[in-house]
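The values are calculated or read from the model by the stated rules, or taken from the named source; none is laboratory data. Here the structure is a predicted model, which means the values were calculated and not measured. Cβ coordinates were reconstructed from backbone atoms using ideal geometry, including for glycine residues, and neighbour counts include every protein chain displayed. Ligands, DNA and RNA are stripped out before the accessible areas are found, and what is left, the full protein with its side chains, is counted by its heavy atoms. Shrake-Rupley method; radii C 1.70, N 1.55, O 1.52, S 1.80 Å.
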Amino acid sequence: MQTFVTREEIFIWREQQQAEQKQIGFVPTMGALHQGHLSLVEQACKENDIVLVSIFVNPKQFNQSADLQSYPRMLSADLALLHHLSNVVIFAPDEHEMYPAHIPYSPMPLGKIGQLLEGAHRPGHFEGVVHVVHHLFALIQPHRAYFGQKDFQQLAIIRSLNEYYGFGINIIGCETIRESDGLAMSSRNLRLTHDQRQNAVSISKAITLIKNRCGLDPIEEVKQAARYIIEQAGLAIDYLEIVDPTTLEKCTEWQQLQVCCVAAFCGEVRLIDNMLCESVL
Ligand code: AMP
């Protein structure tokens, strides 16, 4: 499997793919790969001639240095997981290679959607995400790029980034892959102790409760019941909101479709999850 570390190597590779009229799929990741990442890669492999997976822990999107320090890094295990896929190549640059001083970049205004939920609770996070994805899109110029709905708000921001900078890439949102008990797969799950792992499932239990009671009981009552499940398990809720899937504004009443979004600390580890909920009314 080809593993590139420099922009120059990617530039040459991309020119070659374009000359051969290959359809390029792109899956950006921060490594510590799990089945959630692999589902994106597998879908990309089906829909493209060649797939580039980037592995880069992006310091610009971490608003807490302790979180950046403790983020799992396991490049050789990641490469081993992808090794059997014949049409996959890897880009694993270092920070200097990702952000060379000479690359032009004018930040995109994030707008309202970037200021809510994660935007409000992790200042600077989406600015960092947009910066790295801008550079990756500009360098790789894929036909299709794959992102998880697990990061629901990020997916919305990537769609607006694609429009704002005029990349013209087909942005594909992929379903959230879960452990058998419902916990959304995440690289951060590796940092949970045995007990924390048991308690972390309360997040998916809470959002499933919201999905099941959507439109049936008063919205505030349902939110309270969901909060209770998470707090009883010993997690500290950062936010738990039911929002409009397009504007991400809080819903005060049930509507046809909403998304419940949760961020909670399980010990030191901050986990996020979300679920689309359709009202039965
Ligand atoms: P990350 O490495 O956490 O930056 O994630 C890289 C990509 O994988 C992002 O588009 C995530 O939304 C996606 N992803 C992470 N976890 C999951 C999951 N459990 N199911 C599906 N996609 C995921």
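Provide the net charge surrounding residue 23, with neighbours chosen by a C-beta distance below 13 Å and charges set as Lys +1, Arg +1, Asp -1, Glu -1.
Every neighbour counted, the sum reads +1.
Could you check how much of the accessible area of region 38-135 is carbon and sulfur, as a whole percent, using a 1.4 Å probe?
56 percent
Report the extension gain between residue 21 and residue 127 in nm, rounded to one decimal, defined as 0.36 nm multiplied by the number of residues separating them, less their alpha carbon distance.
Gain in length upon complete extension: 34.9 nm.
Evaluate E = 1/(1 + (r/R0)^6) for residue 7 and residue 120, where r is the Cβ-Cβ distance and R0 equals 30 Å; express this FRET efficiency to the nearest 0.05.
On the way: r = 34 Å, r/R0 = 1.12.
Efficiency at R0 = 30 Å is approximately 0.35.
Taking K and R as +1 and D and E as -1, what net charge do the other residues with C-beta under 14 Å from the C-beta of residue 216 add up to?
-2
Could you tell me how many cubic angstrom of Cα convex hull volume the chain has per residue?
On the way: hull volume 37.3 nm³, N = 281.
In the chain, the Cα hull volume divided by residue count equals 133 Å³.
For the chain, calculate the relative contact order in percent as a whole number, restricting contacts to Cα pairs under 8 Å that are 6 or more residues apart.
Computed value for the chain: 17 percent relative contact order.
Across the Cα atoms of region 190-252, what radius of gyration and what greatest pairwise Cα-Cα distance (Dmax) are found, in Å?
In order Rg, Dmax, the Cα atoms of region 190-252 give 12.9, 37 Å.
Could you do me a favour and compute the accessible area per residue for region 187-278, 1.4 Å probe, result in Å²?
47 Å²
Considering region 223-281, what Rg and Dmax in Å follow from its alpha-carbon atoms?
Cα-based Rg and Dmax for region 223-281 come out at 12.2, 39 Å.
Counting only heavy atoms of the protein chains, get the accessible area per residue of region 3-174 (1.4 Å probe) and round it to a whole Å² value. Don't skip to the answer; put the middle values down first.
On the way: 7680 Å² over 172 residues.
So region 3-174 comes to 45 Å² accessible per residue, rounded to a whole number.
Taking the highest mean first, how do the peptides 104-111, 265-272 order by number of other beta carbon atoms within 10 angstrom per residue?
In decreasing order of mean packing, 104-111, 265-272 become 265-272, 104-111.
Give me the percent of the accessible area of region 187-278 that comes from carbon and sulfur atoms, probe 1.4 Å, all protein chains in place.
49 percent
Which semi-axes, in whole Å and largest first, does the equivalent ellipsoid of region 1-120 have when worked out from the alpha carbon gyration tensor as the square roots of 5 times its eigenvalues?
Value: 26, 19, 16 Å, ordered largest first.
With charges set only on the Cβ (+1 for Lys and Arg, -1 for Asp and Glu), what does the dipole of region 187-278 come to about its Cα centre, in debye to the nearest 20?
400 debye
Cα-Cα over 25 Å: which of 46/205; 112/150; 211/250; 150/211; 60/112?
Distance filter (> 25 Å) returns 46/205.
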